[in-house]
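Encoded as structure tokens, the structure appears first; notes follow it.
The values are calculated or read from the model by the stated rules, or taken from the named source; none is laboratory data. In this text, all values refer to a predicted model and were calculated from it rather than measured experimentally. Methodologically, a virtual Cβ is constructed for each residue, glycine included, from the backbone with ideal geometry; neighbour enumeration extends over all protein chains shown.
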Amino acid sequence: MQPLAHAENGEYNMNLLFESTEQYEKDLRKFSSSDRADIIARLNQRCGLLLSNKARFGEYAYKPRVFQLTGGLDSSLQVLRINPAIRVILTVDDDPIFDQIIVTLWRMVQHDDLTKAFNSIAESLYQQSMVGVIENTDETNGADQSSSRRVWSHS
């Protein structure tokens, strides 16, 4: 795990660290080397916004489903638009003790395959701690809950 970026953020120096799953790496290898370079550059640029302008990062990222977890916690699982056809499923977690933001790259998928991949990852991550789900039908802004519907699990 290596820092991607280091930025002044108020009084704090924050690091942005990437972790990636084997499946993400496998997904990335499916692209040509020039496409991989473009994808990685866009990923670095957009995730770099987490250090300098989180609101701008939100223009590229959204949560198709917000998983409400036990203890009042919300999931950090979200989708980052790389281009019109490609999405990266990732988690973004603040680690204030070590002054870092950890971005875990779970999958890279075609837009048409997003729902199945996102739900599969969510199920494997949260099956024991999920209380409810908010379905977000608006890809353009995951924070806008006006187009959402709430779905509760049967636990």
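Structural remarks
- Long-range neighbours under 9 Å by Cβ, at least six apart or interchain, first residue touching a residue at least 60 places away in the same chain (Cβ under 8 Å) within the range 37-53, second assigned to a helix (DSSP H, G or I) and surrounded by 17 or more Cβ atoms within 10 Å (Cβ to Cβ): I39/L28
- Scan of the range 28-50 for residues that are touching a strand residue (DSSP E or B) at 6+ places or on another chain (Cβ under 7 Å) and either buried (at least 17 other Cβ atoms within 10 Å of the Cβ) or among the polar types (S, T, N, Q) (or both), ordered by number: L28, I39, L43, N44, R46, C47, L50
- Test result for R56, closer than 19 Å to T21 by Cα and modelled with pLDDT of 95 or more: no
- Spans of strands (runs of 3 or more DSSP E) in the range 72-121 with at least 1 residues over 17 Å from G58 (Cβ atoms): 86-95, 100-110
- Subset tally (residues that are within 11 Å of L105 (Cα to Cα), among the hydrophobic types (A, V, I, L, M, F, W, C) and either over 15 Å from the mean Cα position of the chain (by Cα) or outside any helix (DSSP H, G or I) (or both)) for the range 12-49: 3
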